[in-house]
Amino acid sequence: MSNSKGRWALIVHGGAKEIEPHEEEANRTGCIEAVNAGAEVLARGGSAVEAVEASIRVLESLPVFNAGTGSVLNNKGEVEMCAALMDGSTLDVGAVGVIKGVKHPVSVARSMLRQDPILLSGEGAFMFARDNHAELCDPADLVTEEQKEAQDTVGAVALDQNGNLAAGTSTGGLSGALKGRMGDSPMPGCGFYADDHIGAVALSGHGEGIARLAAAAQIMGSIERNGPEEAIRKALEQMHRVGGDAGGIAIDRQGRAGWWHNSPDFTVGMLTSETERPQVWLRKDEDIASHG
């Protein structure tokens, strides 16, 4: 690996979406909280997988994001969530689709990482969560007073001190979607991917469009040649072919981080072993806002 021993990097996002002015601060502070949780893991020598899970658990706990608590409702008035984790050192994948009744879908995905199946959905996903001592809840507990009209997914990618990469996603899906609908978020090569020999990427936005483009696979295929940001831009500029907005974050095997979006907003937080404080942006054209 070309990563120098001891270097680490983490980048998280709160979804490709339009942010109302009164929600800007909550999006900023939420991403900073998520970055700090993951960075604490990496700074003490923890794994990229642990860091990604820790970051996404924070985002799942905050109602401003469409993941976990605060997830949008489907056409039957239910919360159905999807989440995934991928370990770039082993290519293990754990993913759950349209799962109900769990507080942290990303942790259920983490529990699946070393299993042979890579994706469980619906009742099967819930049974796996229950049997593996996941944090269960009444599905109604995930419904907040004001559900958003949203199609965003939260995510994180990390590089740890040993040069290992990981990527993760979590989402409440589309507001009013058909019961049982799954987008790109639990599909490797579509909404996420990680490989220590290449890089790691996590995407958000119009799930059907991202999946039709196999956007994560496209980004992985060009990240070494183009760098993370340009690889994301080239892939997502093709969204016009399938419709919808999207955004993505990525880290390559050398530890270079990048992000890009064609959605109105895309909150991103980033911290590396070479920077003192987290940085957060609400959109690409915004000046850097740093927070301690």
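The values are calculated or read from the model by the stated rules, or taken from the named source; none is laboratory data. Keep in mind that what you see is a predicted model, and the values were worked out from it rather than measured. Cβ sites come from the backbone with ideal geometry, for glycine too, and all protein chains shown count toward neighbours.
Computed quantities for the displayed model
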{"item": "Exclusive hit being of a type outside the set (D, E), closer than 23 Å to A125 by Cβ, in contact with a helix residue (DSSP H, G or I) (Cβ under 9 Å, 6 or more places away or on another chain) and in contact (Cβ under 8 Å) with a residue 12 or more places away in the chain, set V41, V35, V64, V93", "result": "V93"}
{"item": "Where L203 falls short, out of the listed (1) of a type in the set (A, V, I, L, M); (2) surrounded by 21 or more Cβ atoms within 10 Å (Cβ to Cβ); (3) more than 13 Å from the chain's Cα centre (by Cα)", "result": "(3)"}
{"item": "Condition check for A217: without any contact (Cβ under 8 Å) to a residue 40 or more places away in the chain, within 28 Å of E50 (Cβ to Cβ), touching a Cys at 6+ places or on another chain (Cβ under 6 Å) and surrounded by fewer than 24 Cβ atoms within 10 Å (Cβ to Cβ)", "result": "no"}
{"item": "3 or more residues within 16 Å of the chain's Cα centre (by Cα) and at pLDDT 95 or above: qualifying strands (runs of 3 or more DSSP E) within the stretch 245-292", "result": "246-252, 257-261, 265-272"}
{"item": "Filter pass, G38 being modelled with pLDDT under 95 and of a type in the set (G, A, S)", "result": "no"}
{"item": "Residue in the stretch 71-84 that is under 30 Å from T275 (Cα atoms) and either surrounded by 24 or more Cβ atoms within 10 Å (Cβ to Cβ) or among the aliphatic types (A, V, I, L, M) (or both) present", "result": "yes"}
{"item": "Sole exception among (1) over 26 Å from H197 (Cβ atoms); (2) free of Cβ contacts under 8 Å to residues at least 24 places away in the same chain for R114, by number", "result": "(1)"}
{"item": "Residue ID - nearest to A16 (Cα to Cα), chosen from residues in the stretch 268-281 that are buried (at least 18 other Cβ atoms within 10 Å of the Cβ) and either without any contact (Cβ under 8 Å) to a residue 24 or more places away in the chain or out of contact with any strand residue (DSSP E or B) (no Cβ under 9 Å at 6 or more places or on another chain) (or both)", "result": "W281"}
{"item": "Residue within the stretch 80-93 that is out of contact with any Gly (no Cβ under 8 Å at 6 or more places or on another chain) and of a type in the set (A, V, I, L, M, F, W, C) present", "result": "yes"}
{"item": "The one condition in (1) of a type in the set (D, E, K, R); (2) touching a residue at least 40 places away in the same chain (Cβ under 8 Å); (3) closer than 29 Å to D87 by Cβ that D265 fails to fulfil", "result": "(3)"}
